[in-house]
Amino acid sequence: AEQLGMPLSNQEYRQFFWSLRSAHRTSTACLLRVLYGCQNPLVHRLDEYENHGLIPDGPVCAELPGTPSFPNFCTFSFYRCTMRRYFIKV
């Protein structure tokens, strides 16, 4: 069952990132995030989709040993883009 604000399941993540698998598409999505921030309508929709329709408020933790929590989902997503670790889940 989908819960608003919860991350996608492993299968849903595979589906979500399938369209971004090519380097061009992934870099374009990250470039939009860097240039326009998380409030860009397309970036905002991607973030909502990734979280079943509701972007989490407040700090988020990642499946990444040794990394502290991120202050918000936008910062977490920006980290994934800059580090090219696209498949890290919240």
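The values are calculated or read from the model by the stated rules, or taken from the named source; none is laboratory data. Note that the structure is a prediction, hence the values are computed from the model and not measured. No Cβ is skipped: glycine too gets one built from the backbone with ideal geometry, and neighbour counts run over all protein chains shown. Ligands, DNA and RNA are excluded from the accessible area calculation, which covers all protein heavy atoms including side chains. Shrake-Rupley method; radii C 1.70, N 1.55, O 1.52, S 1.80 Å.
Quick notes on this one:
- If you filter segment 1-15 down to residues that are hydrophobic (A, V, I, L, M, F, W, C) and at pLDDT 70 or above, you find that the one that is farthest from ASP57 (Cα to Cα) is LEU8.
- Some residue of segment 16-33 being at pLDDT 85 or above, within 14 Å of TYR86 (Cβ to Cβ) and exposed (fewer than 15 other Cβ atoms within 10 Å of the Cβ): yes
- Single condition ALA62 does not satisfy, out of (1) modelled with pLDDT of 85 or more; (2) in a loop (DSSP other than H, G, I, E, B); (3) within 19 Å of GLU12 (Cβ to Cβ): (1)
- Counted residues, segment 42-54 - those being closer than 20 Å to ASN10 by Cβ and either open to solvent by less than 90 Å² (accessible area, probe 1.4 Å) or not hydroxyl-bearing (Ser, Thr, Tyr) (or both): 8
- Index of the failed condition, CYS74 passing every other in (1) surrounded by 12 or more Cβ atoms within 10 Å (Cβ to Cβ); (2) at pLDDT below 90; (3) assigned to a helix (DSSP H, G or I): (2)
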